[in-house]
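Here's the structure, in structure tokens; my notes come after.
The values are calculated or read from the model by the stated rules, or taken from the named source; none is laboratory data. All of these numbers come straight from a predicted model, not from anything done at the bench. Cβ coordinates were reconstructed from backbone atoms using ideal geometry, including for glycine residues, and neighbour counts include every protein chain displayed.
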Amino acid sequence: MPAEDIFTIPPPPADAHLAFGSDPNQFGDLRIPKSPGPFPIVMNIHGGYWRAKYDLKHAGHLCAALTARGLATWNVEYRRVGNPGGGWPGTFEDVRSAYRYVAEMAKRYNLDQTKLLVMGHSAGGQLALCLAGHEPAVKRVMSLAGVVDLQQAWELHLSDNAVVDFLGGDPTQVPEHYREADPMKLKIPAATQWLIHGAADDTVPPFLSRNYTEQKKGRGENVHYLEISTAGHFDLIDPRSNAWPRVEGTVLHMVET
């Protein structure tokens, strides 16, 4: 079956549907293992080039797979381009609020905040790394096929200039938004960063993650890179794919270190 059918097949249901704000898009789905806690937790940020037409449902598959391996998963929604308040900075403010809400959930659901991984796919990879850049308490962050260089994304006109819609202009019009949002421009000294990308990705070029890793290592950041030779864009978030065991294995390793 093609990886894209994760968008049409409903994921296993979540254990709790929790609002972290008053907007209809400020919520997340929490999944909790059946085993005794406390549970490590993965906060997942879905992709879709920051656009409202893509929501969190398809990411429920990977969250359910990780929960089956003993991890609580917090699959977050946020205001996107096309929603009132979506775009920069509203989209990021929602991600930040969802992150801060973990502390509220921790006691109620027996979550181990010392084993928290923030993970994002595609545009969610940008949001995950951006969060680590603005929240020094984030110690583990993972980008799956991430749009990790917004200047480059603009130069390449990725997905019909999605980054211009997200940030409200090009780098000459809103340079401060690029400085605030672009993981390549942000300092992330406190977090262990893993970037995973498929060599066969035709949606987000893998050289974005390669270049990011090289440049950030040169600046002394703790960055690791895994390229999966046959993987496309959605294989990294599809638990049925050949790439998934390597993604899952990296997640399990990160939450325990």
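V204 falls short on exactly one of the conditions (1) among the β-branched types (V, I, T); (2) buried (at least 21 other Cβ atoms within 10 Å of the Cβ); (3) in contact with a Gly (Cβ under 9 Å, 6 or more places away or on another chain); (4) farther than 20 Å from A59 by Cβ, and that condition is (4). The residue list H224, H197 contains one member that is touching a Pro at 6+ places or on another chain (Cβ under 7 Å) and under 20 Å from L131 (Cα atoms), which is H197.
Out of D23, D94, report the one residue that is of a type in the set (D, E), in contact with a Phe, Trp or Tyr (Cβ under 7 Å, 6 or more places away or on another chain) and modelled with pLDDT of 95 or more.
On the way: D23 fails: in contact with a Phe, Trp or Tyr (Cβ under 7 Å, 6 or more places away or on another chain).
Only one candidate qualifies: D94.
Taking strands (runs of 3 or more DSSP E) as the structural unit, those lying wholly within segment 1-113 and holding at least 1 residues that are surrounded by fewer than 20 Cβ atoms within 10 Å (Cβ to Cβ) and touching a residue at least 60 places away in the same chain (Cβ under 8 Å) correspond to 16-19. Residues in segment 87-112 that are out of contact with any Pro (no Cβ under 9 Å at 6 or more places or on another chain) and of a type in the set (S, T, N, Q): T91, S97.
Every residue, every condition in (1) farther than 25 Å from K139 by Cα; (2) among the small types (G, A, S), yes or no:
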residue: A14; (1), (2): yes, yes
residue: P38; (1), (2): no, no
residue: I41; (1), (2): no, no
residue: L56; (1), (2): no, no
residue: A65; (1), (2): no, yes
residue: N75; (1), (2): no, no
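Do we have any residue at all in segment 231-245 that's charged (D, E, K, R) and free of Cβ contacts under 8 Å to residues at least 60 places away in the same chain? No, segment 231-245 has no match at all. As a summary of the residue check, A137 satisfies the conditions (1) more than 18 Å from the chain's Cα centre (by Cα); (2) closer than 29 Å to G28 by Cα; (3) among the aliphatic types (A, V, I, L, M) except for the one numbered (1).
Scan segment 133-152 residue by residue and report those that are among the small types (G, A, S) and within 24 Å of W244 (Cα to Cα).
Going through segment 133-152, the residues among the small types (G, A, S) turn out to be 133, 137, 143, 145-146.
Matches in segment 133-152: S143, A145, G146.
For segment 165-257, please list each of the helices (runs of 4 or more DSSP H) lying entirely inside it that holds at least 3 residues being more than 28 Å from L111 (Cβ to Cβ).
On the way: elements: 175-181, 206-218, 244-255.
Here the list reads 175-181, 206-218.
Within segment 184-201, the set of residues being at pLDDT below 95 and crowded, with 18+ Cβ neighbours inside 10 Å is empty.
If you scan segment 35-56, which residues turn out to be more than 20 Å from F166 (Cα to Cα) and either modelled with pLDDT of 95 or more or within 15 Å of the chain's Cα centre (by Cα) (or both)?
First pass over segment 35-56, keeping only residues more than 20 Å from F166 (Cα to Cα): 35-43.
Once the filter is applied, which keeps residues that are more than 20 Å from F166 (Cα to Cα) and either modelled with pLDDT of 95 or more or within 15 Å of the chain's Cα centre (by Cα) (or both), segment 35-56 yields P38, F39, P40, I41, V42, M43.
From the set of residues in segment 207-230 that are in contact with a strand residue (DSSP E or B) (Cβ under 7 Å, 6 or more places away or on another chain) and in contact (Cβ under 8 Å) with a residue 60 or more places away in the chain, which is surrounded by the fewest Cβ atoms within 10 Å (Cβ to Cβ)? Step by step, filter segment 207-230, then rank; the result is Y212.
Exactly one residue among A181, A137, A162 is closer than 27 Å to M254 by Cβ and either surrounded by fewer than 23 Cβ atoms within 10 Å (Cβ to Cβ) or at pLDDT below 95 (or both), and that residue is A137. Report whether or not F234 is aromatic (F, W, Y), closer than 19 Å to L150 by Cβ and within 17 Å of the chain's Cα centre (by Cα). No.
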